[in-house]
């Protein structure tokens with residue numbers, strides 16, 4: 001069942017003292033855990049990354065979906081690109097919504113996603129959603145793991 005009251009939490013692109021809230025969130029988490037990124041290859045299996053994942057968990061998703069912000073930010077032009085991993089239980093749904101200021105690229109890592117009730121995207125498939133364009137998606141019958149970026 002879709003939660004008609006749900007709205008996306010796009011506050012990670014709010015600007016606080018000249019910095020995007022999502023960027024500040026990542027910087028704060030890295031500092032809090034004493035993790036430095038930038039000069040060496042870093043993987044999700046490195047020491048401290050599991051705790052970092054816990055700190056960057058987002059509890060604003062509809063029922064059946066879990067989401068984490070990745071600690072990677074690509075700064076370009078006037079808006080950073082921020083990345084997220086979402087895990088969806090079978091048939092979990094995200095109500096129709098739009099992100100007014102951000103283009104979105106979603107890539108299916110495993111399972112499947114039914115985009116706008118019209119096409120099933122499977123592992124390796126992707127969808128680009130322009131800023132302001134309404135969309136919805138539903139996890140497939142075996143669930144899904146997706147990565148997406150906003151810019």
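Bear in mind that the values in this text are calculations on the coordinates, not laboratory data. None of these values were measured; they are calculated from a predicted model. Cβ atoms come from the backbone with ideal geometry, glycine included; neighbour counts cover every protein chain shown.
At-a-glance table
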read-out	value
Residue 59 being within 21 Å of residue 25 (Cβ to Cβ), loosely packed, with under 13 Cβ neighbours inside 10 Å and within 15 Å of the chain's Cα centre (by Cα)	yes
Filter result for the condition that a residue is loosely packed, with under 13 Cβ neighbours inside 10 Å and within 23 Å of residue 29 (Cβ to Cβ), over 74, 83	74
Residue match in the stretch 99-117 (condition: over 23 Å from residue 15 (Cα atoms), in a loop (DSSP other than H, G, I, E, B) and either under 14 Å from the mean Cα position of the chain (by Cα) or free of Cβ contacts under 8 Å to residues at least 40 places away in the same chain (or both))	yes
Qualifying positions in the stretch 23-44 - within 18 Å of residue 57 (Cβ to Cβ) and part of a loop (DSSP other than H, G, I, E, B)	35, 44
Condition broken by residue 128, with the remaining ones in (1) in contact (Cβ under 8 Å) with a residue 40 or more places away in the chain; (2) over 18 Å from residue 67 (Cβ atoms); (3) not in a loop (DSSP other than H, G, I, E, B) satisfied	(1)
Considering residues of the stretch 1-22 that are without any contact (Cβ under 8 Å) to a residue 60 or more places away in the chain, under 17 Å from the mean Cα position of the chain (by Cα) and part of a loop (DSSP other than H, G, I, E, B) only, the residue nearest to residue 137 (Cα to Cα)	9
Flag for residue 48 being at positive phi, exposed (fewer than 11 other Cβ atoms within 10 Å of the Cβ), more than 17 Å from the chain's Cα centre (by Cα) and free of Cβ contacts under 8 Å to residues at least 40 places away in the same chain	no
Output for the stretch 1-23, where each listed residue is over 21 Å from residue 131 (Cα atoms) and touching a helix residue (DSSP H, G or I) at 6+ places or on another chain (Cβ under 9 Å)	16, 17
